[in-house]
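Only the coordinates and a few stated rules stand behind these numbers; no lab work does. From a predicted model like this one, the values you see are computed outputs, not experimental measurements. Glycine also receives a Cβ, built like all others from the backbone with ideal geometry; neighbour counts cover every protein chain displayed.
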Amino acid sequence: MSRPEGGSLSNPLEPLPATPNGHAGGDIASEELVGHGHFVTHFDEPSLDYSISETKITETTLEEMRSIAARYPQARSALLPMLHLVQSVEGRVTPAGIEACAEILGLTAADVSGVATFYTMYKRRPMGEYHVGVCTTALCAIMGGDEVYAKLQDHLGIGNDETTDDGKITLEHVECNAACDFAPIMMINWEFFDNTTPEKAIEVVDQLRAGAEVQSTRGAQVCAWKEAERVLAGFPDGRADEGPTAAGPSLLGLRIAEQRGWKAPDREHVADRKDEEAK
Amino acid sequence: MTDPLTPVLTANWGDERAWKLTNYERRGGYQALRSALQMEPADVVALVKDSGLRGRGGAGFPTGMKWSFIPQDNPKPKYLVVNADESEPGTCKDIPLMMASPHTLVEGVIISAYAIRSNTAFIYVRGEVLHVVRRLQQAVREAYSAGYAGKNILDTGYDLEIIVHAGAGAYICGEETALLDSLEGRRGQPRLRPPFPAVAGLYASPTVINNVESISSVPSIISNGDDWFSSMGTEKSKGMTIYSLSGHVANPGQFEAPLGITLREILDLAGGIREGHRLKFWTPGGSSTPMLTDEHLDVRLDYESVAGVKSMLGTKALQCFDETTSVVRTVLRWTEFYKHESCGKCTPCREGTWWLVQILKRMEAGHGEEGDIEKLLDLCDNILGRAFCALGDGATSPITSAIKYFRDEFEAAMHTPAWELFPYERSTIFVREPVGA
């Protein structure tokens with residue numbers, strides 16, 4: 001057998017250990033299967049945990065939500081950024097966050113909840129400080145993403161969408177993140193970690209757990225997940241100038257063109273040629 | 001003769017801090033905006049139409065024609081929406097563009113909005129690219145400060161608000177009508193057409209939705225003219241475009257070339273398939289475009305030629321897989337993607353992708369059952385053309401094309417697991433066994 005180590009990645013025949021939250025333990029294939037092979041969809045995922053009523057949403061948060069709503073010609077357009085803001089305060093989408101959005105936009109909580117549960121970036125369970133996403137869509141999976149993901153699961157002792165006991169790392173396999181020329185890709189709080197390997201991935205998560213500063217291979221120093229969510233809500237953190245213009249593969253064609261003296265036609269040359277043709 | 005590579009959109013990606021306004025201006029940035037604002041909006045539309053620019057997001061619809069569909073006698077506000085939700089598997093051109101040179105896009109947004117007489121523009125960028133969101137936010141702020149956006153732009157009396165809007169993780173929002181629903185604060189589910197967005201789009205108002213690369217191409221067309229743009233490319237597929245090479249190649253990367261370059265030519269520049277291996281199959285434009293094989297290395301990568309071999313140019317995402325790769329496994333993983341991303345609105349796609357995954361999973365494990373290949377094809381036949389939007393159609397492309405070219409591998413899936421036929425570690429970038437072993 002030459003299957004990747006730790007990889008029951010898409011083998012439907014292996015037993016699926018169930019975890020306390022009702023999800024089978026963390027591998028890709030098992031997500032649809034609970035218990036005795038009963039099929040569930042993401043619509044059956046645990047809904048919001050209404051047993052938690054405490055909230056960190058303050059009057060300031062509500063003011064910021066109103067300011068987001070004011071950016072748009074129609075306030076409801078603000079719902080996605082408002083939910084990002086909720087996550088930046090609460091560490092996930094909470095019932096209180098849903099109610100706050102609904103109140104400000106004049107919607108029902110069901111309307112807001114219906115939207116929040118549609119998008120994968122909105123989390124219903126408390127998130128770790130760092131969201132580690134390993135791309136396991138076809139190309140990244142084949143080029144090593146499956147192994148990276150499996151090794152991280154083993155190393156961290158958690159399954160998909162689960163968080164380490166120290167609250168530091170939430171692991172998830174993610175879909176194509178538009179960096180296929182850097183495959184396999186890992187995202188940490190939605191910053192790129194390019195050309196990753198199991199060893200590199202483990203080193204990075206260990207550094208994060210030890211509280212070290214970690215630099216994206218093509219972006220900024222990694223911030224906390226809640227801070228990233230605040231930027232996505234439209235509140236810049238002043239870090240746009242970190243990191244390079246572009247790296248490696250992004251520059252390949254440009255470098256070859258420069259070496260060979262290739263360029264787009266000049267405008268004058270095209271105009272002259274057209275004149276000649278006209279004659 | 002035009003050179004094989006023609007960097008225009010990528011020309012400043014090697015510059016130090018190319019994302020800063022001053023560095024963009026030093027290269028002539030925002031001169032196109034100044035020129036465009038001296039023109040009548042209708043003349044800007046005509047120039048873009050005459051250039052032959054076609055949508056770079058996959059469908060290839062003529063950009064200027066899309067703009068001309070905006071009814072100018074409609075009293076409602078008009079909107080420009082940039083589709084920056086780049087998520088089609090294999091596609092990775094817009095993200096580096098916005099990271100390196102967000103002002104190329106922002107300048108294009110202002111010119112394009114002016115052309116369609118819109119005073120509000122949105123850049124809908126996927127949420128999973130934090131640093132790109134930062135660079136866009138900053139570029140838009142810089143544009144406002146410099147007087148390129150906001151009220152009375154460059155003293156011309158033209159006003160434009162630009163809003164950077166981060167999505168929240170949903171491939172379907174790259175479908176233009178789903179994007180509009182998402183931008184209205186709803187679940188991202190596609191709308192029935194007609195009415196088309198040009199007539200009733202965002203807030204039921206006339207709306208143009210264009211891909212990042214399409215809009216980013218506009219400043220260069222304004223600066224250099226329609227003849228300059230159409231001097232590159234083929235008769236019906238004009239201009240330069242960004243090809244994204246990925247997978248089992250010696251050197252993956254972005255290549256900006258006139259439309260019509262071939263995969264063989266790009267591979268020659270990139271050092272070929274990784275050493276000791278050979279090309280098995282590839283996609284011309286993302287996973288939703290039917291796969292091709294080494295027979296198609298010399299097909300011109302323009303809209304017509306790729307359609308001529310029963311595929312689509314799509315996003316020009318050239319994902320290459322070598323002979324170590326299991327087609328069944330690859331197709332399963334793409335199908336899992338579509339199943340995950342299906343929005344659930346229509347039955348053929350929601351249910352069909354689920355069944356496709358069930359069958360492909362047992363095939364990967366070598367437990368395919370008699371009739372499974374026919375069942376896959378039958379399911380695809382019941383999704384293609386019957387789903388609400390192109391996601392369902394796209395989901396069938398990898399399967400039907402893989403069965404067409406590699407039926408024997410699906411036959412083998414009746415008895416042998418894919419990981420035995422194609423040991424998975426041999427496909428990884430960190431394979432340690434000797435090449436060719």
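What does the charge add up to near A:Ala110, with Lys and Arg as +1, Asp and Glu as -1, over the other residues with Cβ less than 14 Å from its Cβ?
Result for the local shell: -1.
Quick one: in the stretch A:199-260, what % of C-alpha pairs are over 17 Å apart?
58
When only alpha-carbon atoms are used, what values of Rg and Dmax, in angstrom, describe the stretch B:21-230?
15.7, 45
Which links in B:Lys93/B:Lys280; A:Lys123/A:Lys168; A:Lys168/A:Lys200; B:Lys310/B:Lys339; A:Lys56/A:Lys168; A:Lys123/B:Lys316 stretch past 21 Å when you go from one Cα to the other?
In this structure, B:Lys93/B:Lys280; B:Lys310/B:Lys339; A:Lys123/B:Lys316 exceed 21 Å between Cα atoms.
To test your reading of the geometry: what angle, between 0 and 90 degrees and rounded to tens, separates the Cα axis of helix B:41-51 from the longest principal axis of chain B?
In chain B, helix B:41-51 runs at an angle near 40 degrees to the longest axis.
Where does each of A:Thr58, B:Thr353 land when they are ranked from fewest to most other beta-carbon atoms within 10 angstrom?
Listed from fewest to most nearby Cβ atoms, that is A:Thr58, B:Thr353.
When the convex hull of the C-alpha atoms of the stretch A:87-151 is computed, what volume per residue in Å³ does it have?
Measuring per residue, one finds 102 Å³ for the Cα hull of the stretch A:87-151.
Would you kindly give the portion of the calculated P(r) for the protein assembly as shown that falls above 51 Å, as a percent of all Cα pairs?
Distances greater than 51 Å cover 8 percent of the Cα pairs.
List A:Asp111, B:Asp94, A:Asp266 from most exposed to least, where exposure is judged by having the fewest other Cβ atoms within 10 Å.
Ranked by crowding around the Cβ, least crowded first: A:Asp266, A:Asp111, B:Asp94.
Any idea which of A:Val132, A:Val86, B:Gly58 is furthest toward the positive side of the dipole for the protein assembly as shown, if Lys and Arg beta-carbons carry +1 and Asp and Glu beta-carbons -1?
Of the listed residues, the answer is B:Gly58.
Taking Cα atoms of chain B, Rg/Rh with Kirkwood Rh, to two decimals?
With Rh from the inverse mean 1/r over Cα pairs, Rg/Rh is 0.99.
Please report B:Glu351, A:Glu54 as a ranked list, fewest other C-beta atoms within 10 angstrom at the top and most at the bottom.
Going from sparsest to densest Cβ surroundings: A:Glu54, B:Glu351.
How tilted is helix B:130-145 with respect to the longest principal axis of chain B? Cα atoms for both, answer in degrees (0 to 90, nearest 10).
Its long axis makes an angle of about 10 degrees.
List the equivalent ellipsoid semi-axes of the stretch B:240-322 in whole Å, largest first, each obtained as the square root of 5λ for an eigenvalue λ of the Cα gyration tensor.
One finds semi-axes of 18, 14, 11 Å for the stretch B:240-322.
What is the antiparallel percent of DSSP beta bridges lying wholly in the protein assembly as shown, to the nearest 5?
Just about 50 percent of them are antiparallel.
Give me P(r) over the stretch A:59-116, computed from all C-alpha to C-alpha distances, binned every 5 Å, as integer percentages.
For the stretch A:59-116, the binned pair fractions read 4, 23, 36, 26, 9, 1 percent.
Quote the convex hull volume per residue of the stretch B:327-424, based on C-alpha atoms, as a whole number of Å³.
Cα-based convex hull of the stretch B:327-424, divided per residue, equals 76 Å³.
Counting Lys +1, Arg +1, Asp -1, Glu -1, what net charge surrounds B:Arg407 among other residues with beta carbon under 13 Å of its beta carbon?
Cβ neighbours under 13 Å give a net charge of -4.
Nearest 10 degrees, 0 to 90: what angle lies between the long axis of helix B:390-412 and the longest principal axis of chain B (Cα atoms)?
30
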